[in-house]
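The next block holds one structure in the form of structure tokens; read it before the comments.
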Amino acid sequence: MRGRQLDEVYRKPNVAERAWQSRADYLYVMPAIVVMLVVIAYPVYYTIELSFFKTPPSLQLKDKIFIGFDNYTTILGQASFWKVTVNTLIWTFFSTLFAFVLGLGAALALHREFVGRAFLRAILLIPWVVSAVAASYVWKWMYHSDFGAIGALMVQLGVTDQPINFIDNTTTALPSLIVINVWKEFSFAMIMLMAGLQTVPEQLLRAAKVDGANAWQRFWHVTFPHLAGVSTVTILLLLVTNFNSFIIPWLTTGGGPAGATDIWITQIYQLAFGRQRWGVAAAYSVLLFLIMMTLGYFYVRALSRGDDKREVA
Amino acid sequence: MSTLTASQDRAVARTSFDGWRWGGRLFLVFLVGFTVMPMAWMLITSLKTGFAAMQYPPQWWPTEPTLDNYWRLLDPRGQVGQDFLRYFGNSVWVSVATTVLAVVVAVPAAYAFSRFRFPGRTFLFFAVLLRNMFPAVIFLVPLFILMRWLGLVNTHGSLILTYLTFGLPLAIWLLKGFYDNIPIQLEQAARIDGATRFQAFFYIVMPLSTPGIIATSIYSFIGAWNEYIYAYTFLTRHDQMTLPVGIQRFFSENATDWPGLMAATFLMSVPVVVLFLVLQRYFVRALAEGAVKH
């Protein structure tokens, strides 16, 4: 009898009760959540809704007509869809790969203490801070077919006879844009990985050295496993950023020439604000959203693994 | 015998070590070249006249360097200068307002995520982080409709509200990393001495997290300063434009004035680069705590 009463008194409070008990805590997060709801949840809901309707070019919402999945079939039926998708995959994959590799190299090279290290790190971080608009115009100017610095430099060094027409040419346009993108974001990978390198225990590296491991073995068996978590997060964030890039292709080539640099985002923007095909653009956005949520799932998993570890410790 | 092996070992260790070291140095030289080249070319071009820029082969260093392009952009009497200075002012206002709001909203949220264990904490935290995953373009049409409904199209309010959301997730994440590292005993001691929870937070935790707040502010400021898509979509009136959109307008109206454009991009880059270089150690530290500890 007595035991039962105690059980009742010390019963674990249910979710609603705990939520009520910690009601003051919610005040702290409320402003952030409200802003997020207004500017995130509402648009996501709205995009999904629009994707099932045909909305007039004027965006008069009262005149929209329900058409089911027609917008989705329109997209999949477009001749350009697969080309744009392949471009997007090439763009995303190679941008991420090169940004990560350069970032990793820079982080390793800057890990050791030497004179001028802080200065070099600062220099290497600048591209990440400079706006993508500035980066696009500067590189567009360097790629200029007649007066571009890169073309002229290659001729003077004897690499080619004629300046290459980098961004007006269907074969070189996409790789040239990837170079700009890598320039812009390798520093992000660099800082993330530099932070990660600080967690590698120095004693472990020294022990490995004493045991006769060479530099490569030390990197591969000691350093790299410690970087795995940060690397996963970095690569996922790079993939997302690259999949969602807009400014560089938009301002350098506008998706051209002949669609050679058209990627999903530029395509969606064109459909919405260029051709006022709001429904098709919304359907495209929903597909993109699904892809991002898949990546987001892995991102949260990678992050929460670290969070659990910390809470146990 | 054993001494011989030891010295051989050392010699081997030294040479292989040096090989990696030299490889690293070469790589750094290449990387610095790659990084600096566009910025150097921007600066060099901005010192040329329009005529000098349009030459083949290019003048690697201008034969007659001139600051005319800068004077033109910064001269409040000319049309170009008036526009540029207005865009600059708009950018400053939008970025500062976004930054202040982001800190005000992010600090309590990050503190709560770090300290309190309320139901739904994990879910909300990851929901906030997932904002990073959404492409801006998804939000363009609905936000455009929302802003039209709120009467905010062609106002800076539309930009500040929007920028606030994409600065927030990383701001909260960075700050949470900071709060996680501040020992909770400090607050407990203050509470025992009679401070309220808010006082403990305000007088003990806030000052200790100043580096985190600085890092958050830099991040928000740079994000807002550089943002292009929303500004391009929400603003159509020239006098409201921020620098990235204003520069695009400059380019479309003077498509061959490369030196002028380079001077404008240089002036646009100066505030964020200077701010970042002065305060970068805070930022790198905050990212280290946030990125690694979670």
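List of remarks:
- In this label model, B:Arg25 and B:Leu277 are separated by 2.5 nm, measuring between points 7 Å along each Cα→Cβ vector.
- Our helix-only sum for chain A, with -39,500 (n - 2.57) per DSSP H run of n ≥ 4 divided by its residues, gives a mean residue ellipticity at 222 nm of -22000 deg cm²/dmol.
- Spin-label pair A:Asn14/A:Asp168, simplified geometry with 7 Å Cα→Cβ offset, distance in nm: 7.2
- Pairwise FRET efficiency - B:Val32 versus A:Leu157, Cβ, R0 = 25 Å, nearest 0.05: 0.85
- The count of lysine pairs in the protein assembly as shown with alpha-carbon distances below 16 Å, taking only pairs 8 or more places apart or on different chains, stands at 6.
- R0 of 35 Å, Cβ-Cβ distance A:Thr73-B:Asn154: FRET efficiency to nearest 0.05: 0.45
- Extension gain, B:Gln199 to B:His238: 0.36 nm times the residue separation minus the Cα-Cα distance gives 9.4 nm.
- Once both labels are positioned 7 Å from their Cα atoms along Cα-to-Cβ, the gap between B:Phe116 and A:Gln21 label points is 1.4 nm.
- Taking the centroid of alpha carbons for each part, the stretch B:218-287 and the stretch B:22-67 are 21 Å apart.
- The stretch between B:Glu64 and B:Val104 holds 9.4 nm of extra length on full extension. This uses 0.36 nm per residue minus the Cα-Cα distance.
- Range in chain A, longest, excluding exposed chymotrypsin sites (Phe, Trp or Tyr not before Pro) [loop by DSSP; at most 16 other beta-carbon atoms within 10 Å]: A:115-313
- Pairwise FRET efficiency - B:Ile192 versus A:Glu202, Cβ, R0 = 30 Å, nearest 0.05: 0.20
- Per-residue ellipticity at 222 nm computed for chain B from its helices equals -25500 deg cm²/dmol, with DSSP H segments shorter than 4 residues left out and the rest contributing -39,500 (n - 2.57).
- The stretch A:30-54 versus the stretch A:136-209: alpha-carbon centroid distance in Å: 37
- Using a Gaussian network model of chain B in which every pair of alpha carbons under 10 angstrom is joined by a spring, one finds that among B:Gly177, B:Gly19, B:Gly78 the greatest mean-square fluctuation is at B:Gly19.
Values in this text are rule-based calculations from the coordinates and carry no lab data. If you're wondering where the values come from, they're calculated on a predicted model, not measured in any experiment. All Cβ positions, glycine included, derive from the backbone under ideal geometry; neighbour counts span all protein chains shown.
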